[in-house]
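Working notes, structure below.
The numbers here are math on the coordinates, done by the rules we state, and not lab data. Everything quoted here is computed from the prediction, not taken from an experiment. FYI the Cβ positions are ideal-geometry reconstructions off the backbone, even for glycines, and counts take in every protein chain you see.
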Amino acid sequence: MTEPLIELKGVSKSFGSNQVLDNVDLTINRGEALGIIGPSGTGKSTILRVIAGLLTPDAGEVFVQGVRRDGLIEDGSDPVGIGMVFQQAALFDSLTVDENVGFLLYQNSRLPRSRIRDLVKEKLEMVGLPGISNLYPAELSGGMRKRVSFARAIMSNPDSPQDSPEVLLYDEPTAGLDPIASTVIEDLIRYLQSTRGVCSTYAIVTHQESTIRRTTDKLVFLYQGKVQWQGTVNEINSTDHPLIRQFMSGSVQGPIQVVG
């Protein structure tokens, strides 16, 4: 049996008295498109940050390609690179698109600036945004800012291929977008997965049904800090699990407690 690319074993995480993750087991296999779904406030974004090495679990273990991670990502290096696309794009408003996308290379590599600019242009063309290198985030639409953040997440250093992202983590990539802009982002996520030399493996947190159906192959459902259900995206149509039925229908009646 093939070893998982990412594996969480018994992971728990609390913030003060609020236990967000409670003994969670989760695996991501190479080439997989995993959707992490569930009501708001149930630990979905937290689990992405644990996978990315931005948060350490209070208990449990994180393995990347079979190697146990100790501490945060900055405390060591994973066997494979992991990139993250944040919900609000998280671009630096005072920097141009070129400076945002190439930020890590400008800061940490020895590549000449002309080479970094060429790499930035290549990645911007890949996400369908040619010719915008000199613009600032404030000059872009919400959907364009999302795509710029995708370009930044897939940026790699040709002098250090071992640091190139092999896994992408998407946190609500279509949140706040209209249906057409959402479709563009959903298509882009699948396009990047199928493009040679770009991340073929990803996990995505989303609430939107179109994004769930169009970008995921396998799903895990988080509620009250635990994985309550997992299956294929097609199985959400046939499962009689009450949490899935309530979540997908948007009903206020059911086992999911409506806050407020």
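The set of residues in the range 179-223 being more than 19 Å from ARG152 (Cα to Cα), hydrophobic (A, V, I, L, M, F, W, C) and out of contact with any Gly (no Cβ under 8 Å at 6 or more places or on another chain) consists of ILE180 alone.
Can ARG152 be described as in a helix (DSSP H, G or I) and either over 14 Å from GLU99 (Cβ atoms) or touching an Asp or Glu at 6+ places or on another chain (Cβ under 7 Å) (or both)? Taking the combined requirement at face value, the residue does not satisfy it.
For the range 155-170, a residue qualifies if it is of a type in the set (D, E, K, R) and either assigned to a strand (DSSP E or B) or within 16 Å of the chain's Cα centre (by Cα) (or both), and exactly one does: GLU166. Of the helices (runs of 4 or more DSSP H) lying entirely inside the range 171-260, those carrying at least 2 residues that are surrounded by 14 or more Cβ atoms within 10 Å (Cβ to Cβ) and within 19 Å of the chain's Cα centre (by Cα) are 179-194, 209-215. When the range 1-32 is limited to residues that are buried (at least 19 other Cβ atoms within 10 Å of the Cβ) and in contact with a Lys or Arg (Cβ under 8 Å, 6 or more places away or on another chain), the one that is nearest to VAL85 (Cα to Cα) turns out to be GLU32. Scanning the range 59-100 for residues that are of a type in the set (A, V, I, L, M), within 21 Å of the chain's Cα centre (by Cα), under 20 Å from LEU135 (Cα atoms) and assigned to a loop (DSSP other than H, G, I, E, B) yields ALA89, ALA90, LEU91.
Scanning the range 115-149 for residues that are within 27 Å of ILE73 (Cβ to Cβ), among the hydroxyl-bearing types (Ser, Thr, Tyr) and assigned to a loop (DSSP other than H, G, I, E, B) turns up nothing. Screening the range 1-58 for residues that are in a strand (DSSP E or B), in contact with a Ser or Thr (Cβ under 9 Å, 6 or more places away or on another chain) and among the acidic types (Asp, Glu) and picking the one that is nearest to CYS199 (Cα to Cα) gives GLU7. For LEU105, the conditions (1) part of a loop (DSSP other than H, G, I, E, B); (2) over 17 Å from the mean Cα position of the chain (by Cα); (3) crowded, with 21+ Cβ neighbours inside 10 Å all hold with the exception of (1).
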